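What follows is one structure encoded as structure tokens, with my remarks underneath.
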Amino acid sequence: MPTVSMTVNGKQMSGDVESRTLLAQFIRETLDLTGTHIGCDTSQCGACVVHVNGDSVKSCTMLALEADGADVTTIEGLAQDGDDLHPMQEAFRDNHGLQCGFCTPGMVMSAIDLVKTNPNPSEHEIREWLEGNICRCTGYHNIVKSIAAGAAAMRGEKAAAE
Amino acid sequence: MYDFSYHTPSTVADAAAAMSGAEDGKILAGGQTLLPTMKQRLASPSDLVSLRGCRDLVGIASDGSTVTIGAMTTHGAVAASADVKAAIPALAALAGGIGDPQVRNRGTIGGSLANNDPAADYPAAVLGLGATVVTTKRELAAEDFFQGLFETALEEDEIITAIRFPVPKSAAYVKFDNPASRYALVGVFVAHTSGGIRVAVTGAGQDGVFRADGIEAQISAGQTPDSSSIDEGGLNTDIHASAAYRKHLIGVMAKRAAAAAS
């Protein structure tokens, strides 16, 4: 069985996997980091979005072996110190950006990647960016509001939505 | 997904050798089509030869007359490239409209072309711009590369290394996309090149991407293009659209692309 090693949330991790093991499976089943969700398993829904070397990807559509040596961040890696949430997580809480919460990890990881290249996205740009993230509660309005507020917080401004 | 042997060569020559030695090998580029296909067990290769270690396949170079894109360059990198935006903005825009941001962060130009999905976007740019597909064995003109539905001129152990796009005077790509998949129901690429007007249509043809010479003639003559020259018998009918509807869309997309490229 091949061995795969990667940095996950700042820690060196490795494990034996089958060649066909998906990154999402490795994260959830080998590393027990179950914040990364598998919704559709067909790269449509985006619940499984994680960052690989800083870019958001669908971890259900990437082999674990393809991430060998990579720097991976999952939703668990955002809040480094106990109760201090990442500003984007905080914004989702403040703006009621979730209903059932299943899609939320992917939404948050995707949103942070958006803000990386576009620190001040318009509402339209946020909605376009969320092409690959589906919320089956259809709570998009507050998700978009949360991302705008999270982006403002990441720019160091007071949340605009308040 | 059935299991397979996984290989990570660090040169494209080693990748080709690994393919030659495999019983039923497949090249793994970004995996955004191949992995879903394998999950559905529509493909079950004995070996996957990953190109992720072949770093010289990644990158974009522009010299004013040609833009060369390495086969393992992601759609996201092409969409964000200052060189591509400056030389062929239509190509950057096309790349930025494929799938969704996460798919664009993994999917590659070489993978898309080697797969030759009849509804993919890149074939329209490659044929519309008259690009050259560079492989481990030869250089192929776009016209010779695309051979029908999911068919290309590539041999089993032949790997795309780069695509060379001649810089047009102007170009535009307009698609009517499937709202779920973002694949083109119909996409039309119009380019004003040194050799004249070129128009390529994706998403519609039963044999994949094709040049629409009737529309090329209309635009060359300064007319507003329409789809009267398109043979409906050669177009797809599926759950998403009838051939008649696709024919109508070719006219509408061609009109918009011609206006945007003029």
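The values are calculated or read from the model by the stated rules, or taken from the named source; none is laboratory data. What you see is a predicted model, and the numbers here were worked out from it, not measured in a lab. Heads up, the Cβs are rebuilt from the backbone with ideal geometry, glycines too, and the neighbour counts pull from every protein chain shown.
Working carefully through the options B:LEU35, B:LEU91, find the one that is in a helix (DSSP H, G or I), in contact with a helix residue (DSSP H, G or I) (Cβ under 6 Å, 6 or more places away or on another chain) and more than 13 Å from chain A (Cβ to nearest Cβ). Checking each option against the conditions leaves just B:LEU91. The requirement of being within 10 Å of chain B (Cβ to nearest Cβ), closer than 20 Å to B:MET72 by Cβ and either at pLDDT 95 or above or under 9 Å from the mean Cα position of the chain (by Cα) (or both) is satisfied by A:SER59.
Each row is one residue, and each column tells you yes or no for (1) away from chain A (no Cβ under 13 Å); (2) touching a Phe, Trp or Tyr at 6+ places or on another chain (Cβ under 9 Å); (3) in a helix (DSSP H, G or I).
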site	(1), (2), (3)
B:ILE69	yes, yes, no
B:GLN102	no, no, yes
B:ASN105	no, no, yes
B:ALA114	yes, no, yes
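Set side by side, the residues A:GLY54, A:GLY69, A:GLY156 differ, and just one is modelled with pLDDT under 95, surrounded by fewer than 24 Cβ atoms within 10 Å (Cβ to Cβ) and small (Gly, Ala, Ser), which is A:GLY156. Restricting the first member to region A:57-79 and to residues that are without any contact (Cβ under 8 Å) to a residue 12 or more places away in the chain, and the second to residues that are surrounded by fewer than 24 Cβ atoms within 10 Å (Cβ to Cβ), the beta-carbon pairs closer than 6 Å and six or more apart or on different chains are A:ALA79/A:LEU85; A:ALA79/A:HIS86.
Condition check ((1) farther than 24 Å from B:ARG52 by Cα; (2) under 14 Å from the mean Cα position of the chain (by Cα); (3) within 13 Å of another protein chain (Cβ to nearest Cβ)) across all residues:
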site	(1), (2), (3)
A:HIS51	no, yes, yes
A:LEU65	no, no, yes
A:ASP81	yes, no, no
A:ALA91	yes, no, no
A:ASN95	yes, no, no
A:GLY101	yes, yes, no
A:ASP113	no, yes, yes
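Select from region B:71-88 the residues that are within 24 Å of B:HIS192 (Cα to Cα) and either within 14 Å of chain A (Cβ to nearest Cβ) or assigned to a helix (DSSP H, G or I) (or both) and list them in ascending order. Matches in region B:71-88: B:HIS75, B:VAL78, B:ALA79, B:ALA80, B:SER81, B:ALA82, B:ASP83, B:VAL84, B:LYS85, B:ALA86, B:ALA87.
Among the residues of region B:211-232, which ones are within 25 Å of B:THR152 (Cβ to Cβ) and in contact with a strand residue (DSSP E or B) (Cβ under 6 Å, 6 or more places away or on another chain)? If the condition is that a residue be within 25 Å of B:THR152 (Cβ to Cβ) and in contact with a strand residue (DSSP E or B) (Cβ under 6 Å, 6 or more places away or on another chain), then B:ARG211, B:ALA212, B:ILE215, B:GLU216 are the ones that fit. For B:ALA120, the stated conditions do not hold, so it cannot be described as over 20 Å from B:ASP226 (Cα atoms), surrounded by fewer than 20 Cβ atoms within 10 Å (Cβ to Cβ) and in the same structural domain as B:ALA241 (by TED's automatic domain parsing). Only a single criterion out of (1) at the interface with chain B (Cβ under 9 Å from one of its Cβ atoms); (2) of a type outside the set (Gly, Ala, Ser); (3) touching a residue at least 40 places away in the same chain (Cβ under 8 Å); (4) assigned to a loop (DSSP other than H, G, I, E, B) is not satisfied by A:THR42, namely (3).
Scanning region B:145-152 for residues that are surrounded by fewer than 20 Cβ atoms within 10 Å (Cβ to Cβ), over 26 Å from B:ILE239 (Cα atoms), in the same structural domain as B:ARG198 (by TED's automatic domain parsing) and out of contact with any Ser or Thr (no Cβ under 9 Å at 6 or more places or on another chain) turns up nothing. Scanning region A:15-39 for residues that are in contact with a helix residue (DSSP H, G or I) (Cβ under 7 Å, 6 or more places away or on another chain) and either without any contact (Cβ under 8 Å) to a residue 12 or more places away in the chain or part of a loop (DSSP other than H, G, I, E, B) (or both) yields A:VAL17, A:SER19, A:THR21, A:LEU33, A:THR34, A:GLY35, A:THR36, A:HIS37, A:ILE38.
Search region A:128-141 for residues being assigned to a helix (DSSP H, G or I) and within 12 Å of chain B (Cβ to nearest Cβ), and hand back the single one that is nearest to A:THR61 (Cα to Cα). Ranking the qualifying residues of region A:128-141, first place goes to A:GLY132. Residues considered: B:ALA162, B:ALA184, B:ALA191. Of these, the only one that is out of contact with any Lys or Arg (no Cβ under 9 Å at 6 or more places or on another chain) and crowded, with 22+ Cβ neighbours inside 10 Å is B:ALA162. Every test in (1) under 21 Å from A:HIS51 (Cβ atoms); (2) surrounded by fewer than 19 Cβ atoms within 10 Å (Cβ to Cβ) is passed by A:ILE143 save one, and that test is (2).
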